[in-house]
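Please read the structure below before turning to the comments.
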Amino acid sequence: MRTLTILGSTGSIGRNALEVVRAHRDRIRVKGLAAASNAALLAEQAREFGAESVYLKSGASDYLQAGGPGKVFSSAEGLDSFVEACDADILLAAASGTESLGPVVAAIRRGRRVAVANKEVLVAAGGLIVDELERHPSAELIPVDSEHSAIFQCLEGHDLDGVERILLTSSGGPLKDVPPELFGGLTKDQVLNHPRWKMGPKITVDSATLMNKGLEVIEAAVLFGLPVERVDVLVHPEAVVHSMVEMRDGSVLAQLGVTDMRLPIQYALSHPDRWTVPPVLRYDFRSGPALRFEAPDTRKFPCLQLAYAAARRSGSAPCVLSAADEVAVGAYLQDRIAFTDIPRVIERVLSSHRHEERPGLQDILRIHGWASEETRRLCEAH
């Protein structure tokens, strides 16, 4: 019986993870659940899964009024204290932002498994995470993103010396077939209408700009120890092949499956075992579509170029990129900047930041704070 703490249990990844737990109660048990503010749903989850502890950034009184069980942590005690109190076998980091960074580092130092679905952790602090994993070899870091889970699975049993390159697949996002000259007139509903994945608004906007894929390029380089020049992106509209690894001998290993986040979440929890899934999560090759692949249009989607540039520079640049994107997308969703302003604002923040080669944990939090504030200032100026 494995134990699990979920950061971001009321979000899309968290809810899917609890569906996996619901299907495998004989294998995994929830110890802790954390959310930002959805007290009613958190109380419902805690009652169903018997969570011993919960964390709410705000709304602890609402949680208690909703009859939520367990020990309640709030921002006064801090997320780090909550995770330490739970001390589960697996920490699923599914909450957005850098607040998860401290708990992730602490879990690695305790030799636990971290199932990471939080892009900011690996993008902003990739070098730091790698250093911590090297110092604590009993810890595990297993990716939850469908693309990185696919690569992780393809690489099992293979030495990196045999790898030529990683091929990250992308559906192309909701704007794949929209001419760039029409971007200025897009409605928010069009930008948020993803053809394959049902995700939160921030990550869906990132998919529309292809920044999501750019962040995944940085993640892949960190997770698998390859230079970013050996991480390529392929647009694959059918989203059946979740990613591929090309070996030096020309062989290509691919991981395929239905488009459902429960599959990579379950593997991050079950690894190295493979738990049974219901028929609805099995891919039917006889009725599936023909598979297409093409290169991304980086002129149409400049955010992908910005991510590659930040990855090549390394150091503090990916942290600045991630922070600037988070704030710029938030400003767009609040109608404070236009969709086409997102890459322009991010580029200006990247060009004005003071680069640091090997930032530590406190440096990363400081740099992230500066980039967020600078992005807010530029968005207000718009």
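Restricting the stretch 91-115 to residues that are in contact (Cβ under 8 Å) with a residue 40 or more places away in the chain and among the β-branched types (Val, Ile, Thr), the residue that is surrounded by the fewest Cβ atoms within 10 Å (Cβ to Cβ) is 105.
Taking the numbered list (1) β-branched (Val, Ile, Thr); (2) touching a Ser or Thr at 6+ places or on another chain (Cβ under 8 Å); (3) not in a strand (DSSP E or B) in turn, residue 178 passes all entries but (2). For the stretch 282-292, state whether one or more residues are in contact (Cβ under 8 Å) with a residue 24 or more places away in the chain and surrounded by 15 or more Cβ atoms within 10 Å (Cβ to Cβ). No, there is no match, as no residue in the stretch 282-292 is in contact (Cβ under 8 Å) with a residue 24 or more places away in the chain and surrounded by 15 or more Cβ atoms within 10 Å (Cβ to Cβ).
Every residue in the stretch 303-325 that is surrounded by fewer than 21 Cβ atoms within 10 Å (Cβ to Cβ) and in contact with a Ser or Thr (Cβ under 8 Å, 6 or more places away or on another chain), please. Matches in the stretch 303-325: 305 only.
Conditions (1) more than 14 Å from residue 6 (Cα to Cα); (2) in a strand (DSSP E or B), marked per residue:
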position	(1), (2)
31	no, yes
34	no, yes
42	no, no
46	no, no
51	no, no
62	yes, no
69	yes, no
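Could we say that residue 25 is modelled with pLDDT of 95 or more, over 25 Å from residue 141 (Cβ atoms) and assigned to a loop (DSSP other than H, G, I, E, B) here? For residue 25, the condition - modelled with pLDDT of 95 or more, over 25 Å from residue 141 (Cβ atoms) and assigned to a loop (DSSP other than H, G, I, E, B) - is met. When residues in the stretch 141-175 are screened for being over 24 Å from residue 267 (Cα atoms) and touching a Ser or Thr at 6+ places or on another chain (Cβ under 6 Å), 1 of them pass. You will find that of 251, 207, 243, the residue that is under 19 Å from the mean Cα position of the chain (by Cα) and farther than 16 Å from residue 308 by Cα is 243 and no other.
Residues that are under 15 Å from residue 47 (Cα atoms), free of Cβ contacts under 8 Å to residues at least 40 places away in the same chain and charged (D, E, K, R) were ranked within the stretch 1-31; the one that is surrounded by the fewest Cβ atoms within 10 Å (Cβ to Cβ) is 22.
Does residue 278 satisfy the condition of being surrounded by fewer than 21 Cβ atoms within 10 Å (Cβ to Cβ) and closer than 30 Å to residue 2 by Cα? Taking the combined requirement at face value, the residue satisfies it. For the stretch 335-342, the count of residues that are surrounded by fewer than 18 Cβ atoms within 10 Å (Cβ to Cβ) and hydroxyl-bearing (Ser, Thr, Tyr) is at least one. Within the stretch 285-306, the set of residues being closer than 17 Å to residue 254 by Cβ and of a type in the set (Asp, Glu) comprises just one member, 294. The residues in the stretch 192-217 that are part of a helix (DSSP H, G or I), of a type in the set (A, V, I, L, M, F, W, C) and more than 16 Å from residue 302 (Cβ to Cβ) can be counted, and the count is 1. Mind listing just one residue for me: the one in the stretch 113-134 that is among the small types (Gly, Ala, Ser) and modelled with pLDDT under 95 and, of those, farthest from the chain's Cα centre (by Cα)? Ranking the qualifying residues of the stretch 113-134, first place goes to 127. Tell me which residues, restricted to the stretch 36-71, are over 23 Å from residue 97 (Cβ atoms), touching a strand residue (DSSP E or B) at 6+ places or on another chain (Cβ under 6 Å) and not acidic (Asp, Glu). Within the stretch 36-71, 49, 70, 71 meet the criteria. For the stretch 296-307, the criterion of being out of contact with any Cys (no Cβ under 9 Å at 6 or more places or on another chain), among the small types (Gly, Ala, Ser) and either outside the structural domain of residue 377 (by TED's automatic domain parsing) or under 24 Å from residue 173 (Cβ atoms) (or both) is met by at least one residue.
The values are calculated or read from the model by the stated rules, or taken from the named source; none is laboratory data. These figures come from a predicted structure and were not determined experimentally. Reconstructed Cβ throughout: ideal geometry from the backbone, glycine too, with neighbour counts over all protein chains shown.
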